[in-house]
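All remarks here apply to the structure that follows.
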């Protein structure tokens, strides 16, 4: 009887322990399964992002090509040269050509300081000229401002050379241009 009683108590305890062990094992497996599903969902989202980026690649390449074309088109508005000194000399030559083509003479020309405006450099030259009249000055300024590559008149100082015969003008021009030269 004692054995039956012990057996009667032991069987339910063993069954309860087995059930607890099964529930614990089930919850551990469930946690692992949830972690795997979560990791799978994360990898799936990452994969979808990569697929979307890969799908956008032709559009991005097309846009990059358009931007390169635009950059090449805009580079025509910049002075070109191997060094800053060569660019400054080119700018002086361009202004000298404009002034002399409108009947003026160049008294002196100086290259100014270069300003660094990332990603460009601003080249400045100062030109002292003698122009025959105000109409020639207007033509010179128009030719400078409408030229490609772009030239900008930063400073203009106009004086009459002879007050008794106010025909000739003494003009000092500070002219700037952009370059991508390093």
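A short reminder: the numbers here are calculations on the coordinates, not readings from a lab. Since we're looking at a predicted model, the values are computed, not measured.
Summary table
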item	result
The range 35-105 and the range 142-182: distance between their alpha carbon centers, rounded to Å	31
Cα long-axis angle, helix 84-101 against the chain (0 to 90 degrees, to the nearest 10)	40
Taking the chain and dividing mean pair separation by its residue count, relative contact order in percent (alpha carbons under 8 Å, at least six apart)	19
The range 84-179: relative contact order as a whole-number percent, Cα under 8 Å and 6+ apart	29
Estimated [θ] at 222 nm from DSSP helical runs (n ≥ 4, -39500 (n - 2.57)) normalised by residues in the chain, nearest 500	-21000 deg cm²/dmol
Normalised alpha carbon radius of gyration of the chain [divisor 2.2 N^0.38 Å]	2.60
Crossing angle, helix 2-75 versus the chain [Cα axis fit, 0-90 degrees, rounded to tens]	10
Gaussian network model of the chain, springs between alpha carbon atoms under 10 Å - residue of 115, 38, 168 with greatest fluctuation	38
C-alpha long axis of helix 134-145 to longest principal axis of the chain, angle in °	20
Residue of 143, 94, 165 that the Gaussian network model of the chain assigns the largest fluctuation, springs spanning Cα pairs under 10 Å	165
